[in-house]
Amino acid sequence: MDKFLFKHIDNTGLVLWRVVFGALITIEAFGAIATGWVRRTLVEPDFTFNFIGFDFLQPLPGDGMYYYFALMGVFGLLVMVGYKYRFSMACYALMWTCVYLMQKSSYNNHYYLMMLLCWLMVFLPAHRWFSVDAWRNPIVKMPSAPRWTYLVVIFQVWIVYTYASVAKWYPDWLDTTVAELFMRGKSDYWLIGPMLQLEWVHWCIAYVGILFDLLIIPLLLYKRTRLIGFLISIFFHLFNSFVFQIGIFPYMSIAFALFFFSSETLQKRFLPKKTRYTKGEVIVPKYKPLLLGVFTIYFIFQISLPLRHWAFTDDVLWTEEGHRLSWRMMLRSKGSRLIAYTQEEGSPEKKPYAYRKLLSPKQQRAAKAKPDMLWRLAREIKKAEAKEGRDVKVYMDVKLKINGGPYHQFIKPDVAISEEPWHPFKHHTWLEESPPDYHSKPNKKEAE
């Protein structure tokens with residue numbers, strides 16, 4: 001085991017990954033300002049749907065969040081060039097974690113993955129070559145790294161892809177319903193829009209997605225299939241980037257190949273002047289017990305967390321309980337109708353409440369189908385009414401449809417959810433049970 005984990009190998013791939021990853025997180029930070037993401041998500045809303053329990057994480061007032069993201073971008077640049085690498089990486093990791101936890105209106109799995117990778121990178125010696133740190137301090141400079149530094153990233157990515165594949169093994173994905181719904185909104189795309197509406201394309205998207213996520217890591221690990229796996233990865237992720245416009249994630253995923261290709265191949269093309277390490281020394285560090293303990297706990301957590309939805313009473317596709325942090329990527333299309341009611345203390349009358357005035361347009365689209373956000377919205381309505389001197393309970397009448405199916409009652413309308421506690425690891429009884437046919441659809445002949 002010592003030989004497997006602590007044998008030193010050439011660090012070309014790790015060094016190049018630091019440069020690419022630093023560039024991507026820099027683009028993420030400055031791009032969030034340039035595209036208006038910071039404005040729409042953190043500046044315009046009166047409140048953000050932070051992760052429950054992290055209410056102390058609030059956006060900075062005024063233009064504070066623009067400066068916050070600009071500073072993140074600077075730290076990203078420092079990571080890229082390898083200047084005060086660990087400090088810069090830790091600062092970016094902490095700042096991005098705060099951003100991730102302070103809002104859920106813009107929830108993407110790649111935001112979560114980026115947070116995990118940032119923290120992993122803090123512990124990886126990715127600055128030992130081709131960095132300002134190595135140039136300024138010869139003691140830092142080293143052409144090798146222990147094998148475990150590669151394995152933790154590969155294993156993390158393998159977990160992500162495997163769970164992403166398994167999550168797609170359900171009827172609406174397997175019969176191409178989800179792919180068809182996703183592509184319907186892309187019909188106006190230049191050149192490929194009409195093609196994306198073809199039935200055979202939907203079948204390809206559905207099953208290539210399953211097979212790609214399941215097999216890409218084994219293909220990259222095996223030398224004979226590595227090149228074909230890499231070419232497939234490029235096509236797959238560029239297609240996703242163009243069709244779904246999901247930021248840096250496709251390019252970060254392509255860059256994972258740096259952990260699989262041989263150092264000889266990478267060095268020849270990117271760092272021809274680098275000293276090639278071939279000694280293969282096994283250097284067991286004094287902190288080995290701590291290292292093994294920390295990563296064992298970390299990966300047990302990473303393997304277990306996506307399975308937690310099986311511990312809840314109902315279907316995660318309906319309740320969303322256990323959906324986040326589980327690599328359930330691009331699995332369903334939801335629509336909802338929400339009417340909020342308030343009832344003053346001592347009054348039998350329920351009055352409709354214009355909840356939209358509390359939310360930005362982006363929040364309105366995100367909140368109506370997710371129980372934790374609806375619960376938080378009920379609390380915000382109660383708080384807003386309290387400022388006006390009214391003590392109210394908040395009820396919500398929510399109709400939900402999934403993957404083009406019929407609308408069904410989602411929340412029990414006679415329960416004041418503003419008075420209900422939130423249980424992160426327990427099913428909430430104010431959610432209606434999932435109907436047996438909640439995502440069934442008429443066949444095409446009936447629809448016509």
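The values are calculated or read from the model by the stated rules, or taken from the named source; none is laboratory data. Model, not experiment: these values are computed from the prediction. Positions of Cβ are backbone-derived with ideal geometry, glycine not excepted, and every protein chain shown enters the neighbour counts.
Things worth noting here:
- Single residue of segment 308-333 satisfying the filter (on the phi > 0 side of the Ramachandran plot and in contact with a Phe, Trp or Tyr (Cβ under 8 Å, 6 or more places away or on another chain)) that is surrounded by the fewest Cβ atoms within 10 Å (Cβ to Cβ): 325
- For segment 79-93, the set of residues classified as more than 13 Å from residue 112 (Cα to Cα) and out of contact with any Asp or Glu (no Cβ under 6 Å at 6 or more places or on another chain) consists of 79, 80, 81, 83, 84, 86, 87, 88, 89, 90, 91, 92, listed by residue number.
- Checking each residue in segment 307-341 for being under 24 Å from residue 423 (Cβ atoms) and either part of a strand (DSSP E or B) or among the acidic types (Asp, Glu) (or both) picks out 314, 315, 320, 321, 334, 336, 338, 340, 341.
- Top-ranked residue of segment 361-389 - restricted to ones that are part of a loop (DSSP other than H, G, I, E, B) and at pLDDT 90 or above, ranked as surrounded by the most Cβ atoms within 10 Å (Cβ to Cβ): 370
- Complete set of residues in segment 390-426 that are exposed (fewer than 14 other Cβ atoms within 10 Å of the Cβ) and assigned to a loop (DSSP other than H, G, I, E, B): 390, 391, 414, 421, 423, 424, 425, 426
- Residues in segment 35-75 that are within 22 Å of residue 25 (Cα to Cα) and touching a Ser or Thr at 6+ places or on another chain (Cβ under 8 Å): 37, 40, 41, 42, 58, 59, 73, 75.
- Flag for residue 293 being under 23 Å from residue 328 (Cα atoms) and either in a helix (DSSP H, G or I) or not aromatic (Phe, Trp, Tyr) (or both): no
- The residues of segment 88-142 that are within 22 Å of the chain's Cα centre (by Cα), under 21 Å from residue 71 (Cβ atoms) and part of a loop (DSSP other than H, G, I, E, B), listed by number, are 102, 103, 106.
- The residue of segment 27-44 that is nearest to residue 367 (Cα to Cα), among those that are in contact (Cβ under 8 Å) with a residue 40 or more places away in the chain and crowded, with 19+ Cβ neighbours inside 10 Å, is 41.
- For residue 22, the stated conditions hold: it is more than 17 Å from the chain's Cα centre (by Cα), at pLDDT 95 or above and more than 22 Å from residue 372 (Cα to Cα).
- When segment 228-282 is filtered for residues that are within 16 Å of the chain's Cα centre (by Cα) and among the β-branched types (Val, Ile, Thr), the ones remaining, listed by number, are 246, 248.
- Segment 39-53: number of residues that are closer than 18 Å to residue 108 by Cα and part of a loop (DSSP other than H, G, I, E, B): 5
- Residues located in segment 152-175, provided they are surrounded by 20 or more Cβ atoms within 10 Å (Cβ to Cβ), in a loop (DSSP other than H, G, I, E, B) and not charged (D, E, K, R): 167
- The C-beta contact set for segment 223-249 (first residue outside the structural domain of residue 184 (by TED's automatic domain parsing), second residue surrounded by fewer than 17 Cβ atoms within 10 Å (Cβ to Cβ) and outside any helix (DSSP H, G or I), distance under 8 angstrom, 6+ apart or interchain) is empty.
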